[in-house]
1. Hey, which of the strands (runs of 3 or more DSSP E) in the stretch 1-67, taking only ones fully inside, have at least 1 residues that are under 25 Å from A103 (Cα atoms), out of contact with any Lys or Arg (no Cβ under 7 Å at 6 or more places or on another chain) and touching a residue at least 60 places away in the same chain (Cβ under 8 Å)?
2. Of everything in the stretch 68-84, what is in a loop (DSSP other than H, G, I, E, B) and touching a helix residue (DSSP H, G or I) at 6+ places or on another chain (Cβ under 7 Å)? Give them in sequence order.
3. Please pick out the residue among D60, D53 that is of a type in the set (D, E, K, R) and surrounded by 13 or more Cβ atoms within 10 Å (Cβ to Cβ).
4. Give the residue that is farthest from L304 (Cα to Cα), with candidates limited to residues of the stretch 11-60 that are in contact with a Ser or Thr (Cβ under 7 Å, 6 or more places away or on another chain) and of a type in the set (G, A, S).
Amino acid sequence: MAGITNSNAKRMVLLAGRSHPELAQAVSAELGIDLVPTRAYNFANGEIFVRFDESIRGCDAFVLQTHTAPVNEWIMEQLLMVDALKRASAKRITVVAPFYGYARQDKKHAGREPISARLMADLFTAAGADRLMSVDLHTAQIQGFFDGPVDHLFALPILAAHIGRTVDRSKITVISPDAGRVRVAERWTDILDSPLAIIHKRRDPDVPNEAKVLEVVGDVKGRICIVVDDMIDTGGTIVKASEALFENGAEDVIVTATHAILSSPAIERLQNSRIKEVVVTDTLPIADEKRFPGLTVLPIAPLLARAIREVFDEGSVAGLFDHVGV
């Protein structure tokens, strides 16, 4: 039977949906446990069926599913898994969503719009989730949308360690691609002991996934610019930011992001740009056809596994990020 039992006689079980099997296997290996055998399939009309093939009564259950495309299908599958766990008498249910769907819809920009990120949290609560774990939420306020504990993990130590090993630190300038990422960028500057610059931009509310770069605030001439963002979707914002940096005299541009959504035409844009390297994690699956020279993919499974073990042992998830340095 899969699972870990601790000194308090609790048993941890790890369950995974079908959205990212490679990540599920990696987390399973890090924890040293097997995934709970699960049957999941779609009926002809698209409805999803889920059933666990072993007892999970009284278990501390962690349900792993990243919300990649098709996003709505994988969210629904995870909701069904949570409901099945609740009805099978799991003691505690933790939703592990490395990439949290609908996170960009965290507030109303105009009238008659939903706050979809809040609805997501309500759905997981209604399904029976006790706890939520995610990596680099688009905005920190999403933590307040869920009524139970939220473990907000950060990929910054993983990404910054790679940059610290491969780039001349004396030439680094950390770049925030917009005002909303300044606080995260400041954490990068503390770790790498580097100066900060900011891309000032304005989005057209009528054209999604597009942004107009206005100016670079800070000195980037002759510098290796490390652009830090939470996700790369179509790549338009990142490529425009890199163009502005080169126009202001940057020597090189390296882009880092936690979540590689890479919707079309991101690959074409990134390959045709002057960006030297794109560094991401594997919170989302990256198909072979989306991989290109200059793309570096770092594993997120060790971080997820450590956080899961801390929760199971009633330890400190926040402690994983104390005294971070590279």
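Each value in this text was obtained by applying a stated rule to the coordinates, not by laboratory testing. Since the structure is predicted, the reported quantities are computational estimates derived from the model, not experimental observations. All Cβ positions, even for glycine, are placed from backbone atoms using ideal geometry, and neighbour counts span all protein chains on display.
1. Numbers: elements: 11-16, 38-42, 48-52, 60-64.
Of the strands (runs of 3 or more DSSP E) lying wholly inside the stretch 1-67, those with at least 1 residues that are under 25 Å from A103 (Cα atoms), out of contact with any Lys or Arg (no Cβ under 7 Å at 6 or more places or on another chain) and touching a residue at least 60 places away in the same chain (Cβ under 8 Å) span 11-16, 60-64.
2. So in the stretch 68-84, the residues in a loop (DSSP other than H, G, I, E, B) come out as 68-70.
Scanning the stretch 68-84 gives a single hit, T68.
3. On the way: D53 fails: surrounded by 13 or more Cβ atoms within 10 Å (Cβ to Cβ).
Sole residue among the options that is of a type in the set (D, E, K, R) and surrounded by 13 or more Cβ atoms within 10 Å (Cβ to Cβ): D60.
4. G58
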